[in-house]
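See below for the structure under consideration.
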Amino acid sequence: MTYESELEYTGFWRRLGATLIDAILMSIITLPVLSIWYGSGYWEDPRLIKGPVDFILSWVLPTVLVIALWAKTGSTPGKMAMAAQIVDARTGRRPSTGQLIGRYFAYFVSAIPFGLGFLWAAFDSKKQGWHDKLSGTVVVRRKAGSAEPVQFQ
């Protein structure tokens, strides 16, 4: 893989930091709207989905937004903050839209067994979680000392 001379795989802790940034940003957008729409009962209701607005804001919006950001920039705001980008594992180029959609839904595979699929990135030689392996992607960043951000080829 020719891209490996310029880039390095992004490790578990940077990826976790990116995820936390993204979760905080998404919460800032969605939680006030959900609280206003459903009132204080929103927080007391044990159901996973409280209604159509909850479904759209908690499930549909994040799915569409994340996949659109990945397709346009290869990153989310959290990954941008960590100077990381998703690329095709084989070529180092922009992943296909199908790969990105598959990667998003493979998050559920990574999450189901106690988050083991995410933790896998901490021990994998290419720092891939199960969702990366299933979609054929890796998360990379420029090697230390490089001033240039990762650019799609």
Any idea what the relative contact order of the chain is, in percent, if you count C-alpha pairs under 8 Å spaced at least 6 apart?
-> 31
Per-residue ellipticity at 222 nm for the chain, helices alone: DSSP H runs ≥ 4 residues times -39500 (n - 2.57), over residue total, nearest 500 deg cm²/dmol?
-> -14500 deg cm²/dmol
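Direction-averaged shadow area of the convex hull around the Cα atoms of the chain, nm²?
Computing the convex hull of the Cα atoms and averaging its projections yields 9.6 nm².
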Scanning the chain for helices, which whole DSSP H stretches are 30 Å or more long along the axis (Cα) and average -1.0 or more by Kyte-Doolittle?
-> 12-38
Which chymotrypsin sites (Phe, Trp or Tyr not before Pro) does the stretch 67-143 hold that lie in a coil by DSSP with at most 15 other beta carbons within 10 Å?
-> Phe114, Phe123
May I ask you to compute the full-extension gain from Val64 to Thr91, defined as 0.36 nm times their residue separation minus their alpha-carbon distance, rounded to one decimal in nm?
-> 7.2 nm
Setting aside same-chain residues fewer than 8 positions from Lys127, which lysines have a Cα under 19 Å from its Cα?
-> Lys79, Lys143
Taking Val60, Val139 and counting other beta carbon atoms within 10 angstrom, the fewest-first order is Val60, Val139
Between Thr137 and residues 5 or more places away or on another chain, which pairs have amide H atoms under 5 Å apart, with H built 1.01 Å from N, and which residues are they?
-> Ala89
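Computed from the coordinates by the stated procedures, all read-outs in this text should not be read as laboratory data. As the structure is a computational prediction, the values presented were derived from the model and not from experiment. Don't worry about glycine lacking a Cβ; one is built from the backbone with ideal geometry, like all the others, and counts go over all protein chains shown.
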